[in-house]
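Novice: Input: one structure, supplied below.
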Amino acid sequence: MHEQEKTPLAQAADPDLAASPYAVEMRDICKAWPGVVANDHVNLRVRQGEIHALVGENGAGKTTLMNILYGLVRPDSGEIFVNGERVHIGGPRDAIRLHIGMVHQHFMLIPPLTVAENIVLGQEPGGPMAAYDRRRARELVLQLSARYGLPIDPDARIEKLSVGLQQRVEILKALYRAADILILDEPTGVLTPQETYELFDVLRVLSRQGKTIIFITHKLREVLDLTDRVTVLRRGRNVGELVTRETNQTEIARLMVGREVLLRVEKRSARPGPVVLRVENLHARSDRGLEALQGIGFEVHAGEILGIAGVEGNGQSELVEVLTGMRRATAGRMTITHTSGEQAGKTYDITGMSPREVRLVGVAHIPEDRRGSGLVLSDTIENNAILGRERWPRFAWARFILRLREIAQWARRLVGEFDVRTPSTRLPVRALSGGNQQKVIVAREFAADPQLLIAAQPTRGVDIGAIEFIHRRLVEQRDAGKAILLVSAELDEIRSLSDRIAVMYEGRIVDIVTPEASEEELGLLMTGGRPSEASREEQAQATGDS
Amino acid sequence: MALQTAQPRSPTPPALETRSTTLLLWLRRVGSGLGRPLLALALALIAGLIVIMITASGSLFDRFNAALLAYGYLFSGAFGNAANLSFSLVNVTPLIFTGLSVAIAYRARLFNIGAEGQFAAGAILAAFVGMKCSTWPGWLLTPLMIVAGSLAGALWGGIVGLLKAWRGAHEVVTTIMLNWIIFYVSDWLVSGPLQAPGQADQTPSMPPQTNLPKLSVLYNQTLGHFLPTISQPEQYVVDVGFLFALVALVAYWFLMSRTTFGYETRVVGENPRAAQYAGISVKRNVVLVMALAGLFAGLGGTLQLMGQYPYEVVGQVFRNDTTGFDAIGVALLGRMTAIGIFLGALLFGGMRQGGSLMQLKANVPGDLVYIIEALVLFSIAVRFLPVIRQALVKRFSAARQPTVVAALAGGVVDLDQAPANGAEAPTMNDQPLSESGRAALADDGSGQAQTPAQERQHQQNGEA
């Protein structure tokens, strides 16, 4: 391994650190793709031992900049200095030699191999000709793990690990390659709140040990919680370099988006109407055959947003799947009552319906995994705009022959109304940014004029501007008298949007509280704390098993 | 934002600022659809040229001349005059049908290796019906045979779909097995129950009233009354089966791009989870698509039997016939589009025909045609399996610098941010083919495989 002088915590003593060499300095980086400037004279200065946030909306050029630093992309012009020395980074190899490591958003691990095998992969102990030294690999990993305080079982298979632990393996992998400068690309996007806290602890420890960390994100809370300084990019340009302690969410958001952003959702108090969705004593199994839902019961009224809070993996995903017909309920009953439109007052039993039928009776569904199930990425916006509704008379004659002109018009309408930024509705959805992809789904589901809207993680992986937009639309729909079921892992989102919050824990709804409930209270409920007496009665009534 | 991010790092970026985006997108599609197959063909022809020059004798100039001459005969043998063209079209017809069979299955991401078997199943049942009802009038028996043959093919393909939907049996395995089953069944029938009396290993000829008319004869009988007639129509052997093939192409195009069935099939193929979300039954679609694939192939087999001399099934004919396998090449070359399949079938069918003239006149072995075919497919397949290229890239970079971390260098560009760095955007160009190659690499299809752009990037990096 290497020996390198570690300067003490950069920020602590000396505010005038301009003299000391930066761990990373990128000067006047320019990079243009045909037709678009990804980086336009971007500067980035990261001090040794600090946690530096690189923020910006999707497409602001963060990832390009980091890919340049990691040698994946060559800049058109600009200079890079590492520890004060001008360097040429021609590829990841050079970057690794300069002790730069990168943890990607999508993990680059081999699921059937063990932790140790994954970590040493490519630099296996034992030499190029000798056999792989399994025991030595284990030892090295254990040493590494102890040195940085990142406990991990070296013999566990990657596929058995949680996402949070997999990420830890990625970090260890970078450290094994002697990284002193660690780039993390949106590391929290896939993590639960708990895992996020753990990750932050790990990063703080690493920073204390002298590692320099560049943290790409667009979640402002994380910036404030974790980082020392912030560089903000907008449309490929620097728009700010801030000291975290001296700034706040509003300022960063304004810099990122280029205008004032309402971080709080403005909404009037709800005026709930009659019950739209009634769920009684719902049971279902998970993919692994475990009891994922154990007697769920609740109601969603017209004109209200019911938020479902909970640590991920407590049955929320299964609940949404059962409600939308994608998963079978093993017991229980679900009904939809129309409160508006031609069929007002009519009640449908949606238990056991297929997703298509559920959609037909007025349920819209924003799925939690937009790339996985909500969109066909290779297909055009037009075709994605009718996904799940392709047989509706509006889009198909005799449910068979597509009415292309109608579909094109529909897509153009959605794109216009929901501000999907695209030059053409014939582009594949893949070509859109994450936020715009999500807008396509939101548009499709909202525009169908549903009775009930199920929104699962509607803003996951979406930039601030789009989050604001989607939140506003959700409230609009509520005010228009729709019933909305909001499932989100973002507690902030749940609290700011919901009119009532149902907390799920281990397949049950432990309590239904008002959004005024404190974060501590919700946190306690989410981890299985006792519900209050009164609300337990309410719960019993709702499930109908009292 | 999106205006910017939609920009791919590709050789021909659409000028998104202009309003003629749609036209540009279309041009791109056409360009990328034609570009690679044409390039593949050009490469194959050049390689073939070299092969001929090696085998020919004389000075370099003589050899070059010989090669050009051979190509000349190849072309004129295939399309040079009406008679040759009609022979070529006889080859083209079954290639279109089986090519459609492969293509429609591939739209649902099913690899139909069984087109030959379905082709055989169609021909066999049609022959069976034709023999058993040989006294029936032509107006009844002809459609009956066509329907029976199509259904037999549909059944043979449908079995594959059912096995896939119910048991998850991989279609490549089941189609190959079903191929052999039908080959042996046909051998047995031909040398047993359906054997022509006094003949070895062949059925009797189909009843003459079911023989499909030749196109030229048909023309003389209909339009020929008003327009100039064709003299000696019998020398133009192509039969009306070719018209059926054209109709099938149009039907395929319509089905795939204008109906909910085509739409849903595409969703099932591209993203089964989205299909589940949309309420599209993956199983039902898989069965339907395979049945349709079989129907196309079975129809091809039937029309071949009914349209071409000797109007009978000969022993071991199917297992020696490569139509159903050439069809895979036709479909790949045609990028699963109707027009592409037509052109691909024309190329393959024409080369088969032209090869014999080339052998005769230029004294170049007709097998050269197979070499060219193979090279065309190889050029396509190289693109088809980015895995190979990636493996090569890795091998080279690893050789240069043993310390490099191949795994880290693997898919490092953040694909979620694709538009920003353009890594994923080049796939806009890529029609269906790229996807499966990627799927082969990253099982979840999330596209962690390297795109060509990235590979180039890596190569450049490596050279630096």
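The values are calculated or read from the model by the stated rules, or taken from the named source; none is laboratory data. Note that the structure is predicted; figures quoted are calculated from it, not measured. No Cβ is skipped: glycine too gets one built from the backbone with ideal geometry, and neighbour counts run over all protein chains shown. All accessible areas refer to the heavy atoms of the entire protein, side chains included, with ligands and DNA or RNA removed. Shrake-Rupley method; radii C 1.70, N 1.55, O 1.52, S 1.80 Å.
Novice: On the given criteria, is A:Phe215 free of Cβ contacts under 8 Å to residues at least 60 places away in the same chain and farther than 26 Å from A:Leu474 by Cβ?
Specialist: Spelling it out, it is not the case that A:Phe215 is free of Cβ contacts under 8 Å to residues at least 60 places away in the same chain and farther than 26 Å from A:Leu474 by Cβ.
Novice: Can you find a residue that is assigned to a loop (DSSP other than H, G, I, E, B), open to solvent by less than 20 Å² (accessible area, probe 1.4 Å), in the same structural domain as B:Val286 (by TED's automatic domain parsing) and of a type outside the set (Lys, Arg) anywhere in the stretch B:150-169?
Specialist: Looking for residues that are assigned to a loop (DSSP other than H, G, I, E, B), open to solvent by less than 20 Å² (accessible area, probe 1.4 Å), in the same structural domain as B:Val286 (by TED's automatic domain parsing) and of a type outside the set (Lys, Arg), one finds none in the stretch B:150-169, hence no.
Novice: Quick one: how many residues across the stretch A:90-104 are modelled with pLDDT of 85 or more, in a loop (DSSP other than H, G, I, E, B) and facing another protein chain (nearest Cβ under 9 Å)?
Specialist: Keep residues of the stretch A:90-104 that are modelled with pLDDT of 85 or more, which gives A:90-103.
If we keep only those that are in a loop (DSSP other than H, G, I, E, B) too, we end up with A:90-91, A:98-99.
Applying the additional criterion that residues be facing another protein chain (nearest Cβ under 9 Å) yields A:90-91.
Count: 2.
Novice: To continue, here is another question. Just a yes or no: is a residue in the stretch A:409-426 under 30 Å from A:Glu299 (Cα atoms), without any contact (Cβ under 8 Å) to a residue 60 or more places away in the chain and at the interface with chain B (Cβ under 7 Å from one of its Cβ atoms)?
Specialist: no
Novice: Can you find a residue that is charged (D, E, K, R) and under 17 Å from B:Asn179 (Cβ atoms) anywhere in the stretch B:328-346?
Specialist: no
Novice: Select from the stretch A:17-76 the residues that are in contact (Cβ under 8 Å) with a residue 12 or more places away in the chain, among the hydrophobic types (A, V, I, L, M, F, W, C) and more than 14 Å from chain B (Cβ to nearest Cβ) and list them in ascending order.
Specialist: Those that are in contact (Cβ under 8 Å) with a residue 12 or more places away in the chain, among the hydrophobic types (A, V, I, L, M, F, W, C) and more than 14 Å from chain B (Cβ to nearest Cβ): A:Leu17, A:Ala23, A:Val24, A:Met26, A:Cys30, A:Leu44, A:Val46, A:Ile51, A:Ala53.
Novice: I've got another one for you. Go through the stretch B:241-291 and count every residue that is within 30 Å of B:Tyr311 (Cβ to Cβ), β-branched (Val, Ile, Thr) and in contact (Cβ under 8 Å) with a residue 12 or more places away in the chain.
Specialist: The first filter runs over the stretch B:241-291 and keeps only residues within 30 Å of B:Tyr311 (Cβ to Cβ), leaving B:241-252, B:290-291.
Filter again for β-branched (Val, Ile, Thr), leaving B:247, B:250.
Still in the list and also in contact (Cβ under 8 Å) with a residue 12 or more places away in the chain: B:250.
The total comes to 1.
Novice: Would you mention how many residues in the stretch A:118-137 are open to solvent by 20 Å² or more (accessible area, probe 1.4 Å) and either at pLDDT 90 or above or under 12 Å from A:Leu172 (Cβ atoms) (or both)?
Specialist: Going through the stretch A:118-137 one residue at a time, the tally reaches 1.
Novice: Okay, next question. Listed residues A:Leu191, A:Leu242, A:Leu182; which is on the phi < 0 side of the Ramachandran plot and open to solvent by 20 Å² or more (accessible area, probe 1.4 Å)?
Specialist: The conditions single out A:Leu242.
Here is a yes/no grid of residues against (1) at the interface with chain B (Cβ under 9 Å from one of its Cβ atoms); (2) under 25 Å from the mean Cα position of the chain (by Cα); (3) open to solvent by less than 60 Å² (accessible area, probe 1.4 Å); (4) at pLDDT 95 or above:
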site: A:Tyr348; (1), (2), (3), (4): no, no, yes, no
site: A:Thr351; (1), (2), (3), (4): no, no, yes, no
site: A:Glu357; (1), (2), (3), (4): yes, no, no, no
site: A:Asp369; (1), (2), (3), (4): yes, yes, yes, no
site: A:Gly374; (1), (2), (3), (4): yes, yes, yes, no
site: A:Ile381; (1), (2), (3), (4): no, yes, yes, no
site: A:Gly388; (1), (2), (3), (4): yes, yes, yes, no
site: A:Arg391; (1), (2), (3), (4): yes, no, yes, no
site: A:Arg394; (1), (2), (3), (4): no, no, no, no
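Novice: Further question on the same structure: Of all helices (runs of 4 or more DSSP H) completely enclosed by the stretch B:1-105, which ones contain at least 2 residues that are open to solvent by less than 40 Å² (accessible area, probe 1.4 Å) and modelled with pLDDT under 75?
Specialist: Qualifying helices (runs of 4 or more DSSP H): B:2-5, B:21-55.
Each row is one residue, and each column tells you yes or no for (1) at pLDDT 85 or above; (2) over 27 Å from B:Gly117 (Cα atoms); (3) more than 14 Å from every other protein chain (Cβ to nearest Cβ).
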site	(1), (2), (3)
B:Leu305	yes, no, yes
B:Leu333	yes, no, yes
B:Met336	yes, no, no
B:Gly340	yes, no, yes
B:Ala381	no, no, yes
B:Ile388	no, yes, yes
B:Gly410	no, yes, no
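Novice: Looking at (1) more than 8 Å from chain B (Cβ to nearest Cβ); (2) outside any helix (DSSP H, G or I); (3) farther than 20 Å from A:Pro458 by Cα; (4) open to solvent by 20 Å² or more (accessible area, probe 1.4 Å), which one does A:Arg399 not meet, given that it meets all the others?
Specialist: Exception for A:Arg399: condition (1).
Novice: From A:Val276, A:Val261, which residue is at pLDDT below 85 and buried (at least 17 other Cβ atoms within 10 Å of the Cβ)?
Specialist: Exactly one of A:Val276, A:Val261 is at pLDDT below 85 and buried (at least 17 other Cβ atoms within 10 Å of the Cβ), namely A:Val261.
Novice: Please note which helices (runs of 4 or more DSSP H) are completely contained in the stretch B:202-305 and include at least 1 residues that are more than 22 Å from B:Ile124 (Cβ to Cβ), in contact with a Lys or Arg (Cβ under 9 Å, 6 or more places away or on another chain) and aliphatic (A, V, I, L, M).
Specialist: Per the criteria, B:241-258, B:260-270, B:272-278.
Listed here are the residues, each with its yes/no results for (1) at the interface with chain A (Cβ under 10 Å from one of its Cβ atoms); (2) small (Gly, Ala, Ser); (3) surrounded by fewer than 20 Cβ atoms within 10 Å (Cβ to Cβ).
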residue	(1), (2), (3)
B:Thr210	no, no, no
B:Leu243	no, no, yes
B:Gln276	yes, no, no
B:Gly294	no, yes, no
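Novice: Only one of these is of a type in the set (A, V, I, L, M, F, W, C) and farther than 18 Å from B:Leu95 by Cβ: B:Met336, B:Met358. Name it.
Specialist: Working: B:Met336 fails: farther than 18 Å from B:Leu95 by Cβ.
None of the other options fit; the residue is B:Met358.
Novice: Another question about this same structure. Looking at this structure, is A:Phe107 more than 8 Å from chain B (Cβ to nearest Cβ), farther than 19 Å from A:Ile216 by Cβ and either under 24 Å from the mean Cα position of the chain (by Cα) or not in a loop (DSSP other than H, G, I, E, B) (or both)?
Specialist: It is false that A:Phe107 is more than 8 Å from chain B (Cβ to nearest Cβ), farther than 19 Å from A:Ile216 by Cβ and either under 24 Å from the mean Cα position of the chain (by Cα) or not in a loop (DSSP other than H, G, I, E, B) (or both).
Novice: Same structure, new question: Among (1) touching a strand residue (DSSP E or B) at 6+ places or on another chain (Cβ under 6 Å); (2) over 23 Å from B:Pro193 (Cβ atoms), there is one condition B:Glu312 misses while meeting the rest; what is its number?
Specialist: (2)
Novice: Which condition does B:Lys214 not pass, out of (1) farther than 22 Å from B:Val90 by Cβ; (2) touching a strand residue (DSSP E or B) at 6+ places or on another chain (Cβ under 7 Å), if it passes all the others?
Specialist: (1)
Novice: When the stretch A:427-454 is examined, which residues are found to be of a type outside the set (Asp, Glu) and away from every other protein chain (no Cβ under 14 Å)?
Specialist: A:Val442, A:Phe446, A:Ala447, A:Pro450, A:Gln451, A:Leu452, A:Leu453, listed by residue number.
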